[in-house]
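Have a look at the structure below before the remarks.
What follows draws every value from the coordinates through simple rules; no lab data is involved. Note that the structure is a prediction, hence the values are computed from the model and not measured. Using ideal geometry, Cβ is built from the backbone for each residue, glycine included, and neighbour counts are taken over all protein chains shown.
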C-alpha cells in the first residue's frame with residue numbers, strides 16, 4: 001500500500017520535469033542582406049536592381065516553438081537606380097513579428113530550426129532629388145512575412161538565413177520621370193529582402 005504514494009510522487013516529478021526540458025531561448029541576430037525585387041513600378045521606372053540592407057533582430061522563443069521578435073532593417077541607398085542618378089533616399093523598417101519554428105535536434109548543442117514569421121510595424125521612406133526638385137519623407141504602416149533557417153553549431157552560436165516580403169499599407173511614392181510628377185498611391189510600396197547573419201542564443 002505504501003507504493004501508491006511513491007508512484008504518485010514519481011508521476012508528479014516526471015510531469016514537472018517535462019516542461020523544463022523545453023526551455024525558452026533568447027535570440028540576437030545582426031545581419032546584412034539585399035533588397036531584391038522592389039516592385040518594378042514603385043518609382044515609375046525599373047527598380048529591380050539590388051541594394052544593400054543591414055540591421056538586426058532580437059527574439060524570444062517560448063518552449064522553442066512559438067515566439068516573438070523585433071526586426072530592424074535599414075537600406076541607405078534603396079532608391080538608387082541606373083535611370084536617374086540624382087535620386088537619393090533610404091528605407092527603414094521596424095517590425096514586431098510572431099515566429100513559429102521547430103528546433104530539430106533540440107535546443108542545446110548543434111541543430112537546425114526552420115521557421116516562418118510575420119507581423120506588422122513601421123516602414124519609413126525618405127526620397128529626395130539632388131537637383132532640389134522634391135523632398136519626401138513618409139511614415140507608413142506596413143506588414144512583412146517570410147521564413148528561413150537557423151543552424152546552430154553550439155549552445156550559443158549559429159547562423160541564420162532569411163527571405164522576407166515587405167509591403168506598405170498606407171502610402172507609396174510614385175515618380176513620373178517624363179512628366180516630372182510626384183504622387184502618393186496607397187498600399188503600393190513593396191519589396192523583398194534576403195539576409196544572412198550570425199545568431200547568438202542565450
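Modelled spin-label separation between residue 163 and residue 88, with each label point placed 7 Å from Cα along the Cα-to-Cβ direction: 3.4 nm. Between residue 28 and residue 120, the distance separating the two model label sites (each 7 Å from Cα on the Cα→Cβ line) works out to 2.9 nm.
Of 92, 50, the sequence from fewest to most neighbouring Cβ atoms within 10 angstrom is 50, 92.
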